[in-house]
Each structure stands twice: as C-alpha cells, then as structure tokens.
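K.L.:
Below you'll find the structure I mean.
The values are calculated or read from the model by the stated rules, or taken from the named source; none is laboratory data. Remember, it's a predicted structure, so these values are computed and weren't measured experimentally. Reconstructed Cβ throughout: ideal geometry from the backbone, glycine too, with neighbour counts over all protein chains shown. We work out accessible area using only protein heavy atoms, side chains counted, and drop any ligands, DNA or RNA first. Shrake-Rupley method; radii C 1.70, N 1.55, O 1.52, S 1.80 Å.
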Amino acid sequence: QVQLVETGGGLVQPGDSRRLSCAASGRAFSSYGLGWFRQAPGKEREFVAIIGRSGGHIFYSTSVAGRFTISRDNAKNLGYLQMNSLKPEDTAVYFCATSHYDGSSSAADYTYWGQGTQVTVSS
C-alpha cells in the first residue's frame, strides 16, 4: 500500500506560480506511475499530468500544457507539480495518485490517492 500526502496549495493571484508536492510512504514509490488530477466544485475529477516510474512518459492535459511541469524524485519519495501562469479556471482540489500503469491518464487506473490540496486562483 502507498500513502500519499499533498501539500503546497493555497490562495494565489492570476499569473502567479505555485508548486505542489506529493509525499509518498509505504511500498516503493519508484514502482508506480504518478499522476496529478484536479476537481473543481460541481465538476468531475480531471486528469492534469502524469509521469512514469523512472521520470519518462510525461504527458499533460491540453488545459495545462506549457504552464505546468510534473516531476518526481524517487530517492526522496516525492512528486511535484510546478504550476506557472495560474488562471482562475485552475481553481480546484489537486490530488496526486499512483498507478501500476506507466503513463495512464485514466483515473480508473490509479489505485492510491492523497487527500487533496486546495488551490484557489483569485484576485
């Protein structure tokens, strides 16, 4: 089993940057693909970004490509989501999750989830 804890959320202004972290404990973090998803009020959870076990297989949703960067440090059991040029439509609860698959953007393929961290983009 893998336990995941997201940190780094908060209130930011449009155009600001923010880095989210995902701390993993339990079974070998490096054995899993890592994904970031988000859920806005009244909307379904949506895919944001994924990264494969060894740092390859990186893929972004069209809504964040060019603004967000996903990364991971397997030695520290940490994952990151660097968010730049934030927009009000990025407001959501952000979740990290791990998958036995290497490169899936489907939430159904992710087994372990964190509790989420709120990001609010507002002036």
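K.L.:
Which residues, counting only those in the range 69-90, are without any contact (Cβ under 8 Å) to a residue 24 or more places away in the chain and surrounded by 14 or more Cβ atoms within 10 Å (Cβ to Cβ)?
P.N.:
Thr69, Ser71 - these are the residues of the range 69-90 that are without any contact (Cβ under 8 Å) to a residue 24 or more places away in the chain and surrounded by 14 or more Cβ atoms within 10 Å (Cβ to Cβ).
K.L.:
So which of Ser21, Ser25 is touching a strand residue (DSSP E or B) at 6+ places or on another chain (Cβ under 9 Å) and at pLDDT below 95?
P.N.:
Among Ser21, Ser25, only Ser25 is touching a strand residue (DSSP E or B) at 6+ places or on another chain (Cβ under 9 Å) and at pLDDT below 95.
K.L.:
Another question, if that's okay. Give the range 107-116 a look and list any residue that's under 13 Å from the mean Cα position of the chain (by Cα) and open to solvent by 50 Å² or more (accessible area, probe 1.4 Å), or say none.
P.N.:
Those that are under 13 Å from the mean Cα position of the chain (by Cα) and open to solvent by 50 Å² or more (accessible area, probe 1.4 Å): Trp113, Gln115.
K.L.:
For the condition more than 15 Å from the chain's Cα centre (by Cα) and not small (Gly, Ala, Ser), what is the one hit in Tyr101, Tyr80?
P.N.:
Only one candidate passes the filter, namely Tyr101.
K.L.:
Could you list all residues from the range 17-34 that are part of a strand (DSSP E or B) and open to solvent by 10 Å² or more (accessible area, probe 1.4 Å)?
P.N.:
Across the range 17-34, the qualifying residues are Arg18, Arg19, Ser21, Ala23, Ala24, Ser25, Gly26.
K.L.:
Can I ask one more? Run down Asp90, Asp73 and say which single residue is of a type in the set (Asp, Glu), at pLDDT 95 or above and under 13 Å from the mean Cα position of the chain (by Cα).
P.N.:
Matching residue, one of Asp90, Asp73: Asp90.
K.L.:
Can you say whether Gln1 is over 18 Å from Pro88 (Cβ atoms), loosely packed, with under 14 Cβ neighbours inside 10 Å, out of contact with any helix residue (DSSP H, G or I) (no Cβ under 7 Å at 6 or more places or on another chain) and not hydroxyl-bearing (Ser, Thr, Tyr), as far as the supplied structure shows?
P.N.:
Yes: the conditions hold for Gln1.
K.L.:
Could you check, for the range 100-111, whether at least one of its residues is within 30 Å of Ser123 (Cβ to Cβ) and of a type outside the set (Val, Ile, Thr)?
P.N.:
no
K.L.:
Out of Val93, Val119, Val64, Val48, I need the residue that is part of a loop (DSSP other than H, G, I, E, B), touching a residue at least 24 places away in the same chain (Cβ under 8 Å) and surrounded by 18 or more Cβ atoms within 10 Å (Cβ to Cβ). Which one?
P.N.:
Result: Val64 is the single residue among Val93, Val119, Val64, Val48 that is part of a loop (DSSP other than H, G, I, E, B), touching a residue at least 24 places away in the same chain (Cβ under 8 Å) and surrounded by 18 or more Cβ atoms within 10 Å (Cβ to Cβ).
K.L.:
Consider Phe37 carefully, then state whether it is aromatic (Phe, Trp, Tyr), in contact with a Phe, Trp or Tyr (Cβ under 8 Å, 6 or more places away or on another chain), touching a residue at least 24 places away in the same chain (Cβ under 8 Å) and open to solvent by 30 Å² or more (accessible area, probe 1.4 Å).
P.N.:
no
K.L.:
Still on this model: From the residues in the range 51-61 that are free of Cβ contacts under 8 Å to residues at least 40 places away in the same chain and in a strand (DSSP E or B), which one is most open to solvent (accessible area, probe 1.4 Å)?
P.N.:
Only one residue tops the list, namely Tyr60.
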